[in-house]
Every structure is written in structure tokens, then in C-alpha cells.
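Take a look at the structure below.
Just so it is clear, none of the values below were taken in a lab; they were calculated from the coordinates. Note that the structure is predicted; figures quoted are calculated from it, not measured. Note: ideal-geometry Cβ built from the backbone for every residue, glycine included; neighbour counts use all protein chains shown.
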Amino acid sequence: MTYCLGIVTCDGLVVAADSRTNAGVDYISTYRKLYDFSQPGQRAVMLCTSGNLSITQAVVHLLEQELKTGSADNLHTLPTMYDMACYVGSKIRQIQERDRPWLERDHIDFSCTCLLAGQVPGEEPELYKIYSQGNCIQATRETPFLQIGETKYGKPILDRILSYDTSVEAAAKCALLSIDSTMKSNISVGPPVNLIMYKTNSFKIHYQLQLRLGDPYLVGIRKKWELSLRQAFEQMPDLDWDCHTSLPPDDLYMD
């Protein structure tokens, strides 16, 4: 399993991913899942992958090869982020159609999902989630983040903290706390954590980092976050049992 997320705000983009993959409890490996396909000065393009590793690696290889060979359609020639999302979706279908019969025969899950984030001149930064079938959805001002992989543990902080008006710096901090919360609750998600912060109209990735196991910043934010949650919990008022009407046990299950 994995956990990747993308955030779009009024002044930029944040994309983050863990690096753990597993094929059972006794085979855990580390693989990169966040890729930078940007063309500095001309366009910013970032891709996160989740799902069957052989499928996602083959898709990334195709994207890289078509950049190298100068294919008419590639991540540096397509005019919009939506066109790029559809293009990545077509590559997912291409690889799946090639490998599907053999994977299905052995009952192997061949699904995958991607996040595509970036900006081209003349457009605002955009974020897309590309499904295994090749179709996609776009993040909006009302829903400024998208997740793939093991999403449930890291979602509450995003729901409570993020909005489109959140600064990109605050969004980056929120992304790391979301990933750390997921790592805390699910051993199939783990470091190194890769993070990219992109500022609108820069058309170049100036801010990226990799946080490994035991990194002082990761350790520090986990301790501070746990302490803050504990303090907030202790400040919550206790239940006032006397002010609630007691019901007979049978009545608890009646409309």
C-alpha cells in the first residue's frame, strides 16, 4: 500500500508521497512514487503513483521514453493539464491491456491510480486524480486536495485544516502531518517521505525534500502533534451524564 496526496491552493501546489511498498508482511521495499516531469521555465508537471508497482513503473517508463524520443504528444508538448491527465490515462490503459490477461490468470490486482499536478502558461495550477480506467477528476476550490492509496487515516486533518485560501507553506506542513498520521496508524505506509511545494507562475520546482526514517523534523512534528492532540483532548468537557434522559435498553434501538 502507499499514500500520496496533492493539494491546490490560491498560491500554489503541494504534492507528497511515502515510499513503502509491500507484497505481504514479509516483503517490504522502498520505491519512489513522486516524479518531477517539469520543464524549468516553461511548465511544472508532477506525478504520484499508487497501486500495482509493475504497472505504474511501466507507465512512468513510457512517459519518460516519449519525452526522450520527442513523441508528438508528451508531457512537454500537450497544451493543458487536462490533456496531460488524459494522456497519462491512455498510457495506464495501454499497459493494462498488455498485461491484464496474465495478471488476471494468476488473480493479481492490476489496478493503479495517479495524481497529476502542475501548471502551464496561461492557466492556473491544477490537480487531477487519474483512475485505473484512464478517466480523471479535478481538484476544485471547494475540494482542494486529492488522495490515492491508504487515504483514510490522513484525511481528517485535511478536512479540518485545508481550504483553497490556505497558504502553500501551511498546506505543505499539513501534508506532512497527514502522511505522518497515516504512518502512525498503518505499517504499509512509511518513509522516506518525498514532498514538493510549487508556487504559482514560477514554472520551476524550487522547493523539494526527502525525509528519511528518524529525520529530526518528522520526529519533532510527530511529538508536537501528539502533545497538542492530547492537550486538546484534556480540555474537552467531560460528559454530563445527569443532564441526559436515560432510556430503557430496548428503547435505544427504536425510532
Please give the FRET efficiency for GLN65 paired with ASP159, using the beta carbon to beta carbon distance and R0 = 30 Å, rounded to the nearest 0.05.
-> 0.15
Solitary cysteines of the chain, where the nearest other Cys Cβ is not under 4.7 Å | CYS10, CYS86, CYS112, CYS114, CYS136, CYS174, CYS243
Quickly estimate the mean residue ellipticity at 222 nm for the chain, helices only: each DSSP H run with n ≥ 4 gives -39500 (n - 2.57), and the total goes over all residues, rounded to 500.
-> -11500 deg cm²/dmol
Difference of contour (0.36 nm per residue) and Cα-Cα distance, THR77 to HIS206 = 44.2 nm
Neighbour-count ranking for GLU150, GLU97 (other C-beta within 10 angstrom, fewest to most) reads GLU97, GLU150
Multiply the residue separation of GLU124 and HIS107 by 0.36 nm, subtract the distance between their alpha-carbon atoms, and state the gained length in nm to one decimal.
-> 1.9 nm
Computed over the chain, the relative contact order (Cα-Cα under 8 Å, seq sep at least six) in percent reads 27
Per-residue Cβ neighbour rank within 10 angstrom, fewest leading, CYS48, CYS10 = CYS10, CYS48
Express in whole angstrom the spacing between the alpha-carbon centres of segment 167-228 and segment 36-84.
-> 24
Just rank THR69, THR49, THR80, fewest to most, by other beta-carbon atoms within 10 angstrom.
-> THR69, THR80, THR49
Amide N proximity, segment 115-153 versus LYS184 label position 7 Å along Cα-to-Cβ, cut-off under 18 Å = 150-153
When you have a sec, figure out the Kirkwood radius of segment 38-161 from all distinct Cα pair distances and drop it here in Å to one decimal?
-> 15.4
Nearest 10 degrees, 0 to 90: helix 81-105 Cα axis against the chain principal axis = 90
Grab the alpha carbons of the chain, take their convex hull, and tell me the volume per residue in Å³.
-> 192
Residue span ALA170 to GLN42: 0.36 nm per residue of separation minus Cα-Cα distance leaves a gain in nm of 43.5 nm
